[in-house]
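Visitor: One structure follows; several queries about it will come next.
The values are calculated or read from the model by the stated rules, or taken from the named source; none is laboratory data. Predicted model, so just to flag it, every value in this text is computed and none were measured. Note that we place each Cβ from the backbone using ideal geometry, even for glycine, and neighbour counts take in every protein chain shown.
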Amino acid sequence: MDEELENLRKKKLQEMQQQAALEESLEEQENQKKQFEEQKKAILRSILTADARERLGRIKIARPEVVEQIENQLIMVAQSGQLKNKINDEQLRMLLQKILPKKRDIKIKRR
């Protein structure tokens, strides 16, 4: 009986240690993700004008997957040294027109 109880305690302790290690790992991943996002924001602040950042923020609300793609492209261009000046709102709109799919006009004909 005593041995059984001791085995149960050891098993429970092991489970708790594994759970703690998992939580720590998840917390570390979350911290790395936050740090990456902060670095990304800092880079975008340095390469976009205020108007362009505002436009990108509005688009992020509606189409976050598209903005993620655009942000990554902008960062790659900036890191490669191809960017001479900050990207303004007009330049960002032109880039968006190239990336975003064209809207199709749907016409309903009456018979």
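Visitor: Of the residues 61, 43, which single one is surrounded by 10 or more Cβ atoms within 10 Å (Cβ to Cβ), modelled with pLDDT of 90 or more and outside any loop (DSSP other than H, G, I, E, B)?
Guide: Result of the check over 61, 43: 43.
Visitor: Starting from segment 37-66, keep only residues that are within 26 Å of residue 81 (Cβ to Cβ) and touching a residue at least 12 places away in the same chain (Cβ under 8 Å), then list their pairs with residues that are surrounded by fewer than 15 Cβ atoms within 10 Å (Cβ to Cβ) and acidic (Asp, Glu) whose Cβ atoms are within a distance under 9 Å, requiring at least 6 positions of separation or different chains.
Guide: Qualifying pairs under 9 Å: 51/90; 52/90.
Visitor: Would you check if there is a residue in segment 99-110 being assigned to a helix (DSSP H, G or I) and not hydroxyl-bearing (Ser, Thr, Tyr)? Steps first, please.
Guide: Taking segment 99-110 and keeping what is assigned to a helix (DSSP H, G or I), we get 99.
So of that shortlist, the ones also not hydroxyl-bearing (Ser, Thr, Tyr) come out as 99.
Yes, segment 99-110 contains a residue that is assigned to a helix (DSSP H, G or I) and not hydroxyl-bearing (Ser, Thr, Tyr).
Visitor: Looking at this structure, is residue 12 in a helix (DSSP H, G or I), out of contact with any Asp or Glu (no Cβ under 9 Å at 6 or more places or on another chain), at pLDDT 90 or above and of a type in the set (D, E, K, R)?
Guide: It is true that residue 12 is in a helix (DSSP H, G or I), out of contact with any Asp or Glu (no Cβ under 9 Å at 6 or more places or on another chain), at pLDDT 90 or above and of a type in the set (D, E, K, R).
Visitor: While we're on this one: Only one residue in 24, 71 is in a helix (DSSP H, G or I) and free of Cβ contacts under 8 Å to residues at least 12 places away in the same chain, so which one is that?
Guide: Result of the check over 24, 71: 24.
Visitor: Would you please name the residue that is nearest to residue 77 (Cα to Cα), looking only at residues in segment 46-58 that are assigned to a helix (DSSP H, G or I) and not hydrophobic (A, V, I, L, M, F, W, C)? Spell out the reasoning first.
Guide: So the first thing to find is which residues in segment 46-58 are assigned to a helix (DSSP H, G or I), and the list is 46-47, 50-58.
From the residues that got through so far, the ones that are not hydrophobic (A, V, I, L, M, F, W, C) too are 46, 51, 53-55, 57-58.
Values: 46: 13, 51: 19, 53: 16, 54: 20, 55: 19, 57: 19, 58: 22 Å.
Step by step, filter segment 46-58, then rank; the result is 46.
Visitor: Next question. Checking the conditions here, which among 20, 52, 78 is in contact with a strand residue (DSSP E or B) (Cβ under 7 Å, 6 or more places away or on another chain) and surrounded by 10 or more Cβ atoms within 10 Å (Cβ to Cβ)?
Guide: 52
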